[in-house]
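Asker: Here it is, the structure in full.
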Amino acid sequence: MDLARAMDERRSDSNRAPAVFVALLILLTAAVLYAPRFAHPKVAAKVTASAQAVTPAVQVWLSTADRRLKLEPQAGAEMSVGKSLPADVVIDLSKTYQSMVGFGAAMTDSSAWLLQNKLTDAQRHALLHELYGPPPSLNFSMMRLTIGASDFSLKPYTLDDVPFGQTDPQLQHFNVTPNLHDVIPVVREVLSINPDLRIIASPWSAPAWMKTSQNLIGGELLGQYESTYADYLVKYLDAYRGYGIPIFALTLQNEPSFTPVTYPGMEMDANTRARVVAQYLGPKLAARSPRTQILEWDHNWNHPTQPLSVLADPDAVRYIDGVAWHCYEGSQYAQGRVHRAYPQKDAYITECSGGDWASSANGELLWFSRDLLITGIRQWARGVVYWNLALDEKHGPHFGGCAACKGVITIDSQTGAVSRNDEYYALAHFSRFVQPGAVRVGSSETEKGLANVAFQNASDGSIVLVMVNSNTEARPVSVAEGQTRFEYTMPPQSVATFVWSPDQAGAWMKRALRWLNRATPGAR
């Protein structure tokens, strides 16, 4: 017993040592950073010099459309204090909007298959850490999964397929076997890197026996199986949770107003969606803890009346947490229209793909940074999820559907070499710097050809400003926040991320306190 007590005391002493060291560090930090406040008036010149030392330093990362620069750190911009000149961009921390959940891409069957079969274990883990690990990795914190096959699967399937002519209303044949060799192990590996990952899951089709077409392609959900379809989705949640994969949100049907002819799909009108949510899926999920959210629509910007119709249903709206949007038709301002009508409902962009098509001949960095991310977030998106995380050099593998789509990355199917596409850098300009929980803050609109959006991170109060210069010439830009100001010349057709702390001393104190918490066992 004496030996055990001595060991406990030794461990206690060793645990206190880093805590004492960090406490001293905090005191020293405070002394250095706050000393100018207590300087005697006679040494005014020294006070001025010290004040400049704690003026926020602006860090800058830059990418250019010509791919000459790809998220490259630049010399920091010089911040000045006290200037009252007008600025191109005014940051207003008192104006706050939505908090951010994050950024990411879909782990389609094709993406997971490539990661599992074309990379070694070491290569795959390194790549996943690069994508999902904390900064300076990309810090992806969102993912989309398909419930059953999509066009980016190696073959069509659902999770309850039975021979033609048979039915399974009790879902006795439900199983996730098709996902056991690639999707589930890859997602589990991602969760080991980022346990806070938020996953949105979407079905492309109900099992064929539930549909009017009796086929995974085309058709609608038979009324007699609406409750069974809700049970099917709940079983998916339970099966994946059994493998340690929690699902943050569900959508009822991917692109419910489009009936594809080459891959699984299912039309589902607004009345059916409202009824399934109100009578079946909503009540089934309401009693669960933690409760998986329900997102309505999961289709393009061009039909905002569709989600508005479902949200107008008083029995359905109480179960719906937000609206999911795709980027292929319409305007991002549809998100704002729905938000103004239902400000308590969240918005997410759950699918958008780049590709080798005519409009992308000069690259896609600017469009994705400006139109999808900046404008989408200014129109209330709490998260932005790209389509395929990874595809091969032939835009696959896939079953029907898009023949020219690109992933965030390209994995060469012969060599396993990884290429990082424009979408990688567009997303990285946000995901590496805007932490989950960050709040979008006020930032004034700029002249045509310049776009911006600003955030404040909750953890340390740092400010993140992402700006795009779409012009073919360089543009000097001035940015003001409070009593501070900096100027920067944006290169032609470029994307820049600026990061600074408005309270340099406070930021250091917060970092020191976090170190103290980590160094002290049991601290929270």
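Asker: Return yes or no: is GLY219 open to solvent by less than 10 Å² (accessible area, probe 1.4 Å) and at pLDDT 95 or above?
Answerer: So GLY219 does not fit the description; no.
Asker: Taking the stretch 348-380 as the region of interest, how many residues are closer than 24 Å to ASN254 by Cα and of a type in the set (Ser, Thr, Tyr)?
Answerer: 4
Asker: Would you mind telling me which numbered condition in (1) open to solvent by less than 50 Å² (accessible area, probe 1.4 Å); (2) within 30 Å of GLU130 (Cα to Cα); (3) free of Cβ contacts under 8 Å to residues at least 12 places away in the same chain SER192 fails?
Answerer: Failed condition: (1).
Asker: Would you pick out the residues in the stretch 222-252 that are touching a strand residue (DSSP E or B) at 6+ places or on another chain (Cβ under 6 Å) and either part of a loop (DSSP other than H, G, I, E, B) or surrounded by fewer than 17 Cβ atoms within 10 Å (Cβ to Cβ) (or both)?
Answerer: ILE247, PHE248
Asker: Just to check your reading of the model, which residue among ASN457, ASN362, ASN452 is more than 13 Å from ALA105 (Cα to Cα), open to solvent by 10 Å² or more (accessible area, probe 1.4 Å) and either among the acidic types (Asp, Glu) or in contact (Cβ under 8 Å) with a residue 12 or more places away in the chain (or both)?
Answerer: Selected residue: ASN362, the only one of ASN457, ASN362, ASN452 that is more than 13 Å from ALA105 (Cα to Cα), open to solvent by 10 Å² or more (accessible area, probe 1.4 Å) and either among the acidic types (Asp, Glu) or in contact (Cβ under 8 Å) with a residue 12 or more places away in the chain (or both).
Asker: Could you list all residues from the stretch 213-265 that are of a type in the set (S, T, N, Q) and either touching a Gly at 6+ places or on another chain (Cβ under 6 Å) or more than 26 Å from LYS345 (Cβ to Cβ) (or both)?
Answerer: SER213, GLN214, ASN215, GLN224, THR228, THR259, THR262 - these are the residues of the stretch 213-265 that are of a type in the set (S, T, N, Q) and either touching a Gly at 6+ places or on another chain (Cβ under 6 Å) or more than 26 Å from LYS345 (Cβ to Cβ) (or both).
Asker: Any residue at all in the stretch 391-401 that's crowded, with 23+ Cβ neighbours inside 10 Å and modelled with pLDDT of 95 or more?
Answerer: Within the stretch 391-401 (the criterion being crowded, with 23+ Cβ neighbours inside 10 Å and modelled with pLDDT of 95 or more), the answer is yes, since at least one residue qualifies.
Asker: Return yes when GLN74 is in contact with a helix residue (DSSP H, G or I) (Cβ under 8 Å, 6 or more places away or on another chain) and either in contact (Cβ under 8 Å) with a residue 24 or more places away in the chain or open to solvent by 20 Å² or more (accessible area, probe 1.4 Å) (or both) and no when it is not.
Answerer: So GLN74 does not fit the description; no.
Asker: Just checking, how many residues over the stretch 445-497 are among the small types (Gly, Ala, Ser), part of a loop (DSSP other than H, G, I, E, B) and at pLDDT 95 or above?
Answerer: So the count comes out to 5.
Asker: If you go through the stretch 96-126 one residue at a time, how many are touching a residue at least 12 places away in the same chain (Cβ under 8 Å), more than 22 Å from ALA206 (Cβ to Cβ) and open to solvent by 10 Å² or more (accessible area, probe 1.4 Å)?
Answerer: Number satisfying all stated conditions: 14.
Asker: A further question follows. Kindly evaluate ASN175 against the criterion of being in a loop (DSSP other than H, G, I, E, B), buried (at least 22 other Cβ atoms within 10 Å of the Cβ) and out of contact with any Leu (no Cβ under 6 Å at 6 or more places or on another chain).
Answerer: No: the conditions fail for ASN175.
The values are calculated or read from the model by the stated rules, or taken from the named source; none is laboratory data. All values derive from a computational prediction rather than experimental measurement. Neighbour counts are summed over all protein chains in view; Cβ atoms, including those assigned to glycine, are modelled from backbone coordinates with ideal geometry. What goes into the accessible areas is simple: the full protein's heavy atoms, side chains included, and nothing from ligands, DNA or RNA. Shrake-Rupley method; radii C 1.70, N 1.55, O 1.52, S 1.80 Å.
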